[in-house]
Amino acid sequence: MTVGYVYDPIFLKHDTGQHPENAKRLSSIMAYLEKADLLSALVAIPAPAADLEDIRRVHSDSQVQNLKLMSSYGRSMIDLETVVSRDSYQAALMAAGGTIAATQAIFDQEVQSAFALVRPPGHHATPTHSMGFCLFNNLAIAAAWAINKGLAPKVAIVDFDVHHGNGIQDATEADPNILYISTHQYPFYPGTGALPEDGIGQGKGSCLNIPLPAHTGDSGYLYAMENIVQPALERFGPDVLLVAAGYDAHWADPLAEMLISTTAFGQITELLRESAENLCQGRILLALEGGYHPQALAHGVAASIDALRGQPYKDILGPASHAEADVREHVARVAAWHHLV
């Protein structure tokens, strides 16, 4: 299975200092993929800067101009969590452009699937505000681009980051042609992603939130994938599957309280790949979001890449040492809410 990847050194120049979302996250991933001899098995996809027309399908002009201006000042803070530096605006354009380029490569059949190893991340960036470590919403931009180009009349976005992707939801909740599904710790930052948040207007039913309690682990996540995510994707019938791939639900991650192992990240990716093969000719793109334990992040990405390649992955980090919550009844209630039983 031919798998592509997007990477550019500009992503390391988004300089956030000692912030949790820093350049070491991506450099650790690239170093491990090199060490594991995975990069040589992948097809490199260049990351061009996104056209402003593509950015403005999702983001307001004032937001774009404000980000450009703040970046020109050097390192500064958009809010208490979100840092920009002199190269951040260009990095954000190329993160969005690289995500689009990977989507294009999949539709052009240059690769069967791809992983956009980009930063800054995107799923918290709303149509009017950059926030939560995120500047532009890479996947929402790619989804709008694919629809605008007529490549994908229907796009599904699955988000397994531990935090709810409020930005993706805000950008897509009124669009019946985009299905957004999120598994996330709840209640937790950013405070959104409650069960009743299921779309607005013509997009009613287009958001499918799966709020999970702290200490949900491998079996809980896989149960939710098999009993909610996969059936919801089958019901929707997307033309492409985009995935917000955050690895901060790992048991070692310092910013959350979930108990996923590296093995489960591979299994989650495998289930999503199977759904893509059954529903949209295997078209699946992962784009990097969170993950703040460098080793767990690098190994999680590698596990997902091996799953896209149809290859086994050996988890050297092992399972969580704490007992995970039994969420089967909770997941069943969520499935019933979304009329999936």
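The values are calculated or read from the model by the stated rules, or taken from the named source; none is laboratory data. Everything quoted here is computed from the prediction, not taken from an experiment. Here the Cβ positions follow ideal geometry from the backbone for every residue, glycine too, while neighbour counts run over all protein chains shown.
Checked against (1) farther than 21 Å from ALA335 by Cα; (2) surrounded by fewer than 24 Cβ atoms within 10 Å (Cβ to Cβ); (3) not β-branched (Val, Ile, Thr), LEU271 passes all but a single condition, namely (1). Considering only region 259-269, I want to know if a residue exists there that is in a loop (DSSP other than H, G, I, E, B) and out of contact with any Phe, Trp or Tyr (no Cβ under 8 Å at 6 or more places or on another chain). No; the residues of region 259-269 include none that is in a loop (DSSP other than H, G, I, E, B) and out of contact with any Phe, Trp or Tyr (no Cβ under 8 Å at 6 or more places or on another chain).
Taking region 177-206, which residues are of a type in the set (A, V, I, L, M) and under 18 Å from VAL243 (Cα atoms)?
Taking region 177-206 as the starting set, the residues that turn out to be of a type in the set (A, V, I, L, M) are 178-179, 181, 194-195, 200.
Hits for region 177-206 are ILE178, LEU179, ILE181.
Within region 237-250, none of the residues are over 16 Å from the mean Cα position of the chain (by Cα), at pLDDT 95 or above and farther than 21 Å from ALA142 by Cα. Looking at region 187-205, can you tell me whether even one residue there is of a type in the set (Ser, Thr, Tyr) and closer than 28 Å to PRO254 by Cβ? For region 187-205, residues of a type in the set (Ser, Thr, Tyr) and closer than 28 Å to PRO254 by Cβ: present.
Only residues in region 13-29 that are under 15 Å from MET70 (Cβ atoms) count as the first member; pair them with residues that are in a helix (DSSP H, G or I) and hydroxyl-bearing (Ser, Thr, Tyr), Cβ under 9 angstrom, at least 6 apart or cross-chain, and list the lot. As it stands, the answer is HIS14/SER88; ASP15/SER88; THR16/SER88, since those pairs meet every condition given.
What number of residues within region 82-136 satisfy the criterion of being under 20 Å from SER71 (Cβ atoms) and of a type in the set (S, T, N, Q)? Going through region 82-136 one residue at a time, the tally reaches 8.
Taking region 316-341 as the search range and keeping residues that are outside any loop (DSSP other than H, G, I, E, B) and without any contact (Cβ under 8 Å) to a residue 40 or more places away in the chain, which one is surrounded by the fewest Cβ atoms within 10 Å (Cβ to Cβ)? Lay out the reasoning, then the answer.
First, the residues of region 316-341 that are outside any loop (DSSP other than H, G, I, E, B): 328-337.
Remaining after also requiring without any contact (Cβ under 8 Å) to a residue 40 or more places away in the chain: 329, 333, 336.
Working: GLU329: 8, ARG333: 13, ALA336: 10.
Ranking the qualifying residues of region 316-341, first place goes to GLU329.
Residue count for region 200-237 satisfying the condition of being crowded, with 20+ Cβ neighbours inside 10 Å, among the hydroxyl-bearing types (Ser, Thr, Tyr) and touching a residue at least 60 places away in the same chain (Cβ under 8 Å): 2. Out of PRO153, PRO127, PRO176, one residue alone is farther than 15 Å from PHE236 by Cβ and surrounded by fewer than 18 Cβ atoms within 10 Å (Cβ to Cβ). It is PRO127.
Return a yes/no flag: does region 262-273 have any residue that is at pLDDT below 95, among the aromatic types (Phe, Trp, Tyr) and at negative phi. Looking through region 262-273, none of the residues is at pLDDT below 95, among the aromatic types (Phe, Trp, Tyr) and at negative phi.
Taken over region 157-173, residues that are crowded, with 24+ Cβ neighbours inside 10 Å and either out of contact with any Gly (no Cβ under 9 Å at 6 or more places or on another chain) or at pLDDT below 95 (or both) amount to 2.
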